[in-house]
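Participant: Quick one: structure below, then a few questions.
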Amino acid sequence: MNNIVLLPVLIPFIMGVILILFRNSPSIQRFISAVTAFAMLAVSIYLTYIIYQNGITTVELGNWPAPFGIVLVGDLFAGLMLILASIVGVACLFFAFQTIHSEREKFYFYPFYFFLLTGVNGAFLTGDLFNLFVFFEVMLIASYVLIVIGGTKYQLRESFKYVVINIFASMFFIIGIAYLYSVTGTLNLAQLGERVGELEQTGVLNVVAILFLIVFGMKGALFPLYFWLPKSYYGPPAAIAALFGGLLTKVGIYAIIRSFTLIFTHNPDFTHNIILALAGFTMFFGVLGAVSQFDFKRILSYHIISQVGYMVMGLGLYTPLAIAGAIYYIAHHIIVKAALFLFAGATQKITGTTDLKKMSGLLKTHPALAWLFFIAAISLAGIPPLSGFFSKFALILSGIQEERYFIVFVSLLVGLLTLFSMMKIFVYVFWGKPSLSEEEVKKTKLAPLLWPVAPLVALSIIMGLAAEPIFSFSMEVAEQLLDPSLYINSVLKE
Amino acid sequence: MEILMIITVGVLVSVATYMILTKSLLRVVLGIMLLSHGAHLLLLTLSGLGEGAPPLLGEQAEAYSDPLPQALILTAIVISFGVTAFLLVLAYRTYKEHKTDDLDELRGSADE
Amino acid sequence: MKTNFLMLHTITRIVAFIILSFSVFLFFAGHNNPGGGFIGGLMTASALLLLYVSFDLKTIKRVIPFNYSTMIAVGLLIAIATGLNSFLFGDPFLTQYFEYYDLPVLGETELTTALPFDLGIYLVVVGVALLTILTIAEDDA
């Protein structure tokens, strides 16, 4: 019993509610939200430290014992995700202070920002399948509002599709829960993990497992269910797109990793091979989309898809090294991807467009922006000594160890194409003759836009240079994930 | 009874699928509503249509029915109520801005 | 054509209060019997909606000058605060406490922390239902 596990969910929720009361005064809203974001970061780090010291920590809501009541479980994986979510939360919030229109601020931008984080943190911590659904919905409803806020024609049209697709996936989630409850008679993740191992109904469980793979794959943008992502992430302002691009799909991936290491481990030959095949298709088609685009934000959106493939590839290989690589990759991706989206927002603010063909020569006028972007871009492509290299290295190494040469080949090819499309952005946007006149350059102050992003880039460099300790931490996380009995015992306390 | 309920669920889901695949915004919303009804009914049916007493303290019956699925469905209904309200307003606003409710015309091009 | 709402007005004046008092009954019945904040809140919302339908928006807004989004926020805060109060006793979030007291008029009464929690839910439900419907209804264009 430790109430600290609850705080990452409670803090943003309470503060989001309080922010509703101050909806007409943007300055108070900004102050409260900045304090809240930093408080969340502090609490997540402290919680992870406690988990690291004492092992998996749980809290049983309302003092109802575990399989009957609602339980929140903090393990190392959840702790790591919480820290990453809070870091991105802080960065995007400070970027939003600079770029969000005051009209959007009045329409409950900050409350929903924190409700979104409530849902995300709750999804990381929950130890109950139905609560995972509820927190998914909290997150999604907040995301519906954030994606449509501002109400331009494009946003309305694409958000409608985004909302419909997500509701559709949620309904499949309920159907999956119905099947699983009728087969196992429980929805507690720990108890599910226990019972699925004992049941000898592989056929039904395979169906349920694939159903959940479809649901989480739709949220996490897996092949062939990624089609909704590029268009809907193009509409909202950069701060929101960065938060979505960094976090939302990763919640789906988190759910896939959690359920396929804890619950559906009954038949890995079948399920995990499907996951591996999907990973290959996802990364290949995602990167093809990115190569074919000439728009800053769209290229980045397609890269989300291709990189989701890498994370899932780690799960598909299903060895400690591969899972550790996937976890490292998630950490790297959340930070770098959010940074890249914020760079897209900064260039959009400077040049007024995201079309690559209409920009050029920002290297001369905005060198700081250019080089920070360059670091983030090559980190995404996986150039040593940045964070992207080591995570891909671990994944590919374990692929070779497992003798899955085809997926290794695909992932190397995708890495190359990623480098190509990132360099395409760099060449179009930053090389060439400056397209802006001097007045236009002076009009936008760059420094306040770069401050929120620079720490993210710095973090990517640090994660690359300090690969040894971070990788050994990922190994510990992976070992905890691959030994479900740890999770089960600490929840059910037998 | 279970068979009948499952067939009802099947009808609901197939009608919902048809509605979601039509071109009109409003029909898509209606399809989403029907789909959620189907899913909730399925959850209720699959967890067993018990014949015990309602799970209340004062009943003192021999057997009680399982309260969990009902709690789950209540939660799911509230969520889908909120989402549907949002979706309706969104569809209405989309219609007002674009002056059309035909999803073919709302497709948009790849590079705008 | 001038329509005559006499019937509707007369009936609404009586029925709205019957529904309101029934919603209060449902609200207090909750916890150990069917009822509670959610259903009570929906009932209250329906009574208020009946008023909005039979009289018109402006009149009722003058009579009930609440801001519903503030109401939602206050309701949520009450509910969370009830849950948080278990932190004082070192129990997990949302732990409920109940005790029997002798109150002057009511006699022996059970007082629980579930009641203020339900009050929070009640406010949220009334606020959400009315805010949703009024937002859609206010758009005349």
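The values are calculated or read from the model by the stated rules, or taken from the named source; none is laboratory data. Everything quoted here is computed from the prediction, not taken from an experiment. Cβ placement follows ideal geometry from the backbone for every residue including glycine, while neighbour counts extend to all protein chains displayed. Keep in mind that these areas ignore ligands, DNA and RNA; they rest on the heavy atoms of the full protein, side chains included. Shrake-Rupley method; radii C 1.70, N 1.55, O 1.52, S 1.80 Å.
Participant: Checking the structure you have, find out if any residue of the stretch A:277-284 is buried (at least 24 other Cβ atoms within 10 Å of the Cβ) and more than 25 Å from A:Leu459 (Cα to Cα). If you could, list the steps in order and put the result at the bottom.
Facilitator: As a first pass, look at the stretch A:277-284 and keep what is buried (at least 24 other Cβ atoms within 10 Å of the Cβ): A:279, A:282-283.
Next, from what is left, pick out any that are more than 25 Å from A:Leu459 (Cα to Cα): A:279, A:282.
Checked against the condition, which is being buried (at least 24 other Cβ atoms within 10 Å of the Cβ) and more than 25 Å from A:Leu459 (Cα to Cα), the stretch A:277-284 yields at least one hit.
Listed here are the residues, each with its yes/no results for (1) aromatic (Phe, Trp, Tyr); (2) at pLDDT below 90; (3) part of a loop (DSSP other than H, G, I, E, B).
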site	(1), (2), (3)
B:Ala61	no, yes, yes
B:Gln70	no, yes, no
B:Ile77	no, no, no
B:Leu106	no, yes, yes
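Participant: All but one of (1) open to solvent by 10 Å² or more (accessible area, probe 1.4 Å); (2) within 12 Å of chain B (Cβ to nearest Cβ); (3) under 22 Å from A:Leu278 (Cβ atoms); (4) of a type outside the set (A, V, I, L, M, F, W, C) hold for A:Gly203, so report the exception by its number.
Facilitator: (2)
Participant: Scan (1) open to solvent by less than 20 Å² (accessible area, probe 1.4 Å); (2) within 14 Å of chain C (Cβ to nearest Cβ); (3) hydrophobic (A, V, I, L, M, F, W, C) for the single condition A:Met40 breaks and write down its number.
Facilitator: Going through (1) open to solvent by less than 20 Å² (accessible area, probe 1.4 Å); (2) within 14 Å of chain C (Cβ to nearest Cβ); (3) hydrophobic (A, V, I, L, M, F, W, C) one by one, A:Met40 breaks only (2).
Participant: For the stretch A:476-494, what are the residues that are farther than 23 Å from A:Arg195 by Cβ and open to solvent by 50 Å² or more (accessible area, probe 1.4 Å)? Give the derivation first.
Facilitator: Residues of the stretch A:476-494 farther than 23 Å from A:Arg195 by Cβ: A:476-479.
Correct list: A:Glu476, A:Glu479.
Participant: Run C:His9 past the list (1) modelled with pLDDT of 85 or more; (2) within 14 Å of chain A (Cβ to nearest Cβ) and report the number of the one that doesn't hold.
Facilitator: It fails just one condition, (2).
Participant: Whether any residue in the stretch A:449-468 is free of Cβ contacts under 8 Å to residues at least 24 places away in the same chain, open to solvent by less than 50 Å² (accessible area, probe 1.4 Å) and under 30 Å from A:Ile56 (Cβ atoms) is what I want to check.
Facilitator: The answer is yes, given that some residue of the stretch A:449-468 is free of Cβ contacts under 8 Å to residues at least 24 places away in the same chain, open to solvent by less than 50 Å² (accessible area, probe 1.4 Å) and under 30 Å from A:Ile56 (Cβ atoms).
Participant: Read through the list (1) buried (at least 16 other Cβ atoms within 10 Å of the Cβ); (2) over 18 Å from A:Ala290 (Cα atoms); (3) out of contact with any His (no Cβ under 6 Å at 6 or more places or on another chain), then give the number of the only condition that A:Leu380 fails.
Facilitator: Evaluating A:Leu380 over (1) buried (at least 16 other Cβ atoms within 10 Å of the Cβ); (2) over 18 Å from A:Ala290 (Cα atoms); (3) out of contact with any His (no Cβ under 6 Å at 6 or more places or on another chain) leaves (2) as the failure.
Participant: What are the pairs, 6+ residues apart or on separate chains, where a residue within the stretch A:399-428 that is under 17 Å from A:Ala381 (Cβ atoms) and open to solvent by 60 Å² or more (accessible area, probe 1.4 Å) has its Cβ under 8 Å from a residue that is in a loop (DSSP other than H, G, I, E, B) and hydrophobic (A, V, I, L, M, F, W, C)?
Facilitator: Every condition considered, the pairs that remain are A:Tyr428/A:Phe294; A:Tyr428/A:Met359.
Participant: Applying the selection to the stretch A:369-400, what residues are assigned to a helix (DSSP H, G or I) and farther than 20 Å from A:Gly314 by Cβ?
Facilitator: Filtering the stretch A:369-400 down to residues assigned to a helix (DSSP H, G or I) leaves A:369-381, A:387-400.
Within the stretch A:369-400, A:Leu369, A:Ala370, A:Trp371, A:Leu372, A:Phe373, A:Phe374, A:Ile375, A:Ala376, A:Ala377, A:Ile378 qualify.
Participant: For residues in the stretch C:65-111 being at pLDDT 80 or above and β-branched (Val, Ile, Thr), which is farthest from A:Leu10 (Cα to Cα)?
Facilitator: C:Thr70
Participant: Can you pull out the helices (runs of 4 or more DSSP H) entirely within the stretch A:224-284 that have at least 1 residues that are hydroxyl-bearing (Ser, Thr, Tyr)?
Facilitator: Details: elements: A:229-234, A:238-243, A:249-262.
Correct list: A:229-234, A:249-262.
Participant: Assess whether C:Val53 counts as being more than 10 Å from every other protein chain (Cβ to nearest Cβ) and open to solvent by less than 70 Å² (accessible area, probe 1.4 Å).
Facilitator: Judged against the criteria, C:Val53 is not a match.
Participant: A further question on this structure: Return yes or no: is A:Glu194 part of a helix (DSSP H, G or I), away from chain B (no Cβ under 12 Å) and either open to solvent by less than 20 Å² (accessible area, probe 1.4 Å) or within 25 Å of A:Phe270 (Cβ to Cβ) (or both)?
Facilitator: yes
Participant: Same structure, new question: If A:Ala221 meets every condition in (1) more than 16 Å from the chain's Cα centre (by Cα); (2) on the phi > 0 side of the Ramachandran plot apart from one, which number is that one?
Facilitator: (1)
Participant: In this structure, is B:Gly82 facing chain A (nearest Cβ under 7 Å) and open to solvent by less than 40 Å² (accessible area, probe 1.4 Å)?
Facilitator: When the stated conditions are applied, B:Gly82 passes them.
Listed here are the residues, each with its yes/no results for (1) within 9 Å of chain A (Cβ to nearest Cβ); (2) surrounded by fewer than 14 Cβ atoms within 10 Å (Cβ to Cβ); (3) more than 30 Å from C:His31 (Cα to Cα).
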site	(1), (2), (3)
B:Arg27	no, no, yes
B:Leu46	yes, no, no
B:Pro54	no, yes, no
B:Glu59	no, yes, no
B:Ala91	yes, no, yes
B:Leu103	yes, no, yes
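Participant: State all residues of the stretch A:22-37 that are surrounded by fewer than 16 Cβ atoms within 10 Å (Cβ to Cβ) and part of a helix (DSSP H, G or I); if no residue qualifies, say none.
Facilitator: A:Ser27, A:Ile28, A:Phe31, A:Ala34, A:Val35
Participant: If we only count helices (runs of 4 or more DSSP H) wholly inside the stretch A:101-177, which ones have 3 or more residues that are open to solvent by less than 10 Å² (accessible area, probe 1.4 Å), within 12 Å of chain B (Cβ to nearest Cβ) and among the aromatic types (Phe, Trp, Tyr)?
Facilitator: A:129-148
Participant: Quick check: is even one residue across the stretch A:49-69 open to solvent by 10 Å² or more (accessible area, probe 1.4 Å), more than 11 Å from chain C (Cβ to nearest Cβ), part of a helix (DSSP H, G or I) and in contact (Cβ under 8 Å) with a residue 40 or more places away in the chain?
Facilitator: Checking the stretch A:49-69: at least one residue is open to solvent by 10 Å² or more (accessible area, probe 1.4 Å), more than 11 Å from chain C (Cβ to nearest Cβ), part of a helix (DSSP H, G or I) and in contact (Cβ under 8 Å) with a residue 40 or more places away in the chain.
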